[in-house]
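Below is one structure, written out as structure tokens; comments come after it.
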Amino acid sequence: MSSFVFFFVPTVIFLGLVLPLWLVLHYAATWRASKGLSEEDKQTLEAALNELDRVEERLQTLETILDAEQPDWRDRHSA
């Protein structure tokens with residue numbers, strides 16, 4: 001009986017207190033680490049923003065050309 005209690009009590013303490021706490025802390029740390037953007041996501045976002053800047057510059061250039069050649073193009077196509 002003594003050896004049974006010797007192994008049973010630490011096992012119950014481990015399974016009842018230590019293991020759940022260990023699991024919760026492990027998954028909390030894992031969640032916190034993956035909370036932000038990954039490096040690949042950051043690179044993809046940066047590439048998309050750079051492409052957006054290029055498209056915006058091209059659009060402004062086209063509008064400037066249209067304003068010079070057809071000053072009233074905005075009024076004709078806004079309706």
*Taking percent of Cα pairs over 22 Å apart as the quantity of interest, determine which of (1) 17; (2) 66; (3) 59 was computed from the displayed structure.*
(2)
*Which value, in Å² rounded to 10, gives the accessible area of residue 13 with a 1.4 Å probe and all protein chains present?*
90
*At a probe radius of 1.4 Å, what is the per-residue accessible area of residue 39, in Å² to the nearest 10?*
120
_Helix check for the chain. Which DSSP H runs span at least 18 Å along their own axis by Cα, with a mean Kyte-Doolittle hydropathy no less than 0.5?_
19-33
*Candidate residues 40, 46: accessible-area rank, largest first, probe 1.4 Å*: 40, 46
_Qualifying trypsin sites (Lys or Arg not before Pro) for the chain [loop in DSSP, other Cβ within 10 Å: at most 15]_ = 35
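Between residue 34 and residue 57, what FRET efficiency follows from the Cβ-Cβ distance if R0 is 30 Å, with the result rounded to 0.05?
Efficiency for this residue pair is about 0.25.
Per DSSP H run of n ≥ 4, the term is -39500 (n - 2.57); total these for the chain, divide by its residue number, and report the mean residue ellipticity at 222 nm rounded to 500 deg cm²/dmol.
Working: 4 runs with 63 residues, N = 79.
Counting only the DSSP helices, I get -26500 deg cm²/dmol.
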*Give me the distance in nm between label points sitting 7 Å out from Cα along the Cα-to-Cβ direction at residue 50 and residue 74, one decimal.*
3.2
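The values are calculated or read from the model by the stated rules, or taken from the named source; none is laboratory data. None of the values given here were measured: they were computed from a predicted structure. Methodologically, a virtual Cβ is constructed for each residue, glycine included, from the backbone with ideal geometry; neighbour enumeration extends over all protein chains shown. For the accessible areas, the whole protein counts, side chains as well, though only heavy atoms, and no ligand, DNA or RNA atoms are used. Shrake-Rupley method; radii C 1.70, N 1.55, O 1.52, S 1.80 Å.
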